[in-house]
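Worksheet: the structure to be examined is printed underneath.
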Ligand code: NAD
Ligand code: ZN
């Protein structure tokens, strides 16, 4: 199944399906990355033993010259020191401006490899080969970054891939916690845009969690379609694109305070979406949406309250540090109903504090 991100001459296709990997040489060719070019694969230590040989074999058979770098798994790899190491390995491999980087992995590898590609010799081509469910979100849209100890995704760029090749077969080896985290962003795409998609996710929760391939492809296609529609409208986040941050003002703060490993991105966003719904209710922007938000997240085995005690002051402080807090103001994406959100930059601290207290107690 194919989608296109429409961005003029930087438009690119997203291919979703079982067995897409086998088509990679043809898809690269179509994206004008022919086999006279060197390819540099970035992957992590969990994904490499599972899929690297297979990808390299497919590409070698098609005549490509291939190099690779295997980084540590997890958020730690989105750092300047790992970035420098990948740069060094790419330079040693003799990559030039015509070469391309391939990100084989989840959002971490995609963000890291994308940022390397964005800055290597002022920018070379890159291709996303997502291997997590969550990466339906991170692989589309061209936001690439590494973290700084003082903030997540603070060092980054906009650099669109030439191609997203999403093989659903690769998702079968995902640990269950990562599957749930991926569904958090799938659900987010429903909550910001499309109530009928939310209903469909509610109805098909069992089949999806069994990884029924038809349902899975449909879910990814629909979630990616929302992202594509938003990004095609507002590539550089001048306005509309900010709605993709539903649950993220809270979520990034939770992630930062808990440590990325205790609460992964999807889990933090899930709790953050509950918080946003509660805040919207408290402000009178919405009514009775937090229960339904909680219910669907629970259907997908996601947390809906804070698993650790967090001081409200510390959370608010972390939110202000987040780059989305423009000039220290707290910016929230708040649901007005299921399937619609609005962006608010004028929220006082008091209701935010109330919500944080309620979240500690589990609602
Ligand atoms: P991840 O890349 O760390 O992957 C999660 C874990 O699953 C890792 O341990 C990884 O090694 C393992 N893994 C990956 N594929 C596997 C497979 N097929 N089988 C078995 N194990 C596998 O994390 P993620 O959840 O994919 O991505 C999170 C990152 O994405 C965060 O850094 C977040 O900031 C970023 N993100 C970016 C955007 C964007 O627009 N650029 C959007 C959303 C999230
Ligand atoms: Zn996210």
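The values are calculated or read from the model by the stated rules, or taken from the named source; none is laboratory data. Just so it is clear, the structure is predicted and the values come from calculations on it, not from any experiment. Reconstructed Cβ throughout: ideal geometry from the backbone, glycine too, with neighbour counts over all protein chains shown.
Summary table
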| read-out | value |
| --- | --- |
| Subset of the stretch 94-110 that is under 15 Å from the mean Cα position of the chain (by Cα) and not in a helix (DSSP H, G or I) - its residue that is nearest to residue 159 (Cα to Cα) | 103 |
| Output for the stretch 228-240, where each listed residue is under 16 Å from residue 186 (Cα atoms) and touching a helix residue (DSSP H, G or I) at 6+ places or on another chain (Cβ under 6 Å) | 230 |
| Qualifying positions in the stretch 71-93 - in a loop (DSSP other than H, G, I, E, B) and either at pLDDT below 95 or closer than 15 Å to residue 41 by Cβ (or both) | 74, 93 |
| Which numbered condition residue 261 fails, given (1) within 16 Å of ligand 1 (Cβ to nearest atom); (2) modelled with pLDDT under 95; (3) surrounded by 17 or more Cβ atoms within 10 Å (Cβ to Cβ); (4) farther than 23 Å from residue 205 by Cβ | (3) |
| Unique match (being on the phi < 0 side of the Ramachandran plot, within 11 Å of ligand 1 (Cβ to nearest atom) and surrounded by 22 or more Cβ atoms within 10 Å (Cβ to Cβ)) among 182, 156 | 182 |
| Condition check for residue 145: more than 11 Å from ligand 1 (Cβ to nearest atom), over 30 Å from residue 292 (Cβ atoms) and either at pLDDT 95 or above or in the same structural domain as residue 260 (by TED's automatic domain parsing) (or both) | no |
| Hey, residue 114 within 14 Å of ligand 2 (Cβ to nearest atom) and surrounded by 20 or more Cβ atoms within 10 Å (Cβ to Cβ) or not | no |
| Test for residue 108: is it more than 10 Å from ligand 1 (Cβ to nearest atom) and in contact with a helix residue (DSSP H, G or I) (Cβ under 8 Å, 6 or more places away or on another chain) | no |
| The stretch 147-157 - residue that is in contact (Cβ under 8 Å) with a residue 24 or more places away in the chain and away from ligand 2 (no atom under 16 Å from the Cβ) and, of those, farthest from residue 68 (Cα to Cα) | 150 |
| Check on residue 169, part of a helix (DSSP H, G or I), in the same structural domain as residue 125 (by TED's automatic domain parsing) and more than 8 Å from ligand 1 (Cβ to nearest atom) | yes |
| Check on residue 296, at pLDDT 95 or above, within 16 Å of residue 243 (Cβ to Cβ) and buried (at least 19 other Cβ atoms within 10 Å of the Cβ) | no |
| Single residue of the stretch 111-138 satisfying the filter (near ligand 1 (Cβ under 8 Å from one of its atoms) and assigned to a loop (DSSP other than H, G, I, E, B)) that is nearest to residue 208 (Cα to Cα) | 133 |
| Search result, residues across the stretch 159-204 that are within 16 Å of ligand 2 (Cβ to nearest atom) and touching a strand residue (DSSP E or B) at 6+ places or on another chain (Cβ under 9 Å) | 191, 192, 193 |
| Tabulated pairs, the stretch 106-124, first more than 24 Å from residue 266 (Cα to Cα) and not assigned by TED's automatic domain parsing to the domain that holds residue 163, second part of a helix (DSSP H, G or I) and at pLDDT 95 or above, C-beta under 8 angstrom, 6+ apart or interchain | none |
| Residue satisfying condition, being more than 14 Å from ligand 1 (Cβ to nearest atom) and touching a strand residue (DSSP E or B) at 6+ places or on another chain (Cβ under 7 Å), within set 276, 256 | 276 |
| Verdict on residue 138 being within 22 Å of residue 175 (Cβ to Cβ) and either within 16 Å of ligand 2 (Cβ to nearest atom) or over 12 Å from the mean Cα position of the chain (by Cα) (or both) | yes |
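Residue-by-condition table, conditions (1) within 26 Å of residue 230 (Cα to Cα); (2) in contact with a strand residue (DSSP E or B) (Cβ under 9 Å, 6 or more places away or on another chain):
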site	(1), (2)
285	yes, yes
294	yes, no
310	no, no
335	yes, yes
344	yes, yes
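Per-residue answers, yes or no, for (1) part of a helix (DSSP H, G or I); (2) within 16 Å of ligand 2 (Cβ to nearest atom); (3) under 15 Å from residue 307 (Cα atoms):
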position	(1), (2), (3)
216	yes, no, no
243	yes, yes, no
249	yes, yes, no
256	yes, yes, yes
268	yes, yes, yes
287	no, no, no
296	yes, no, no
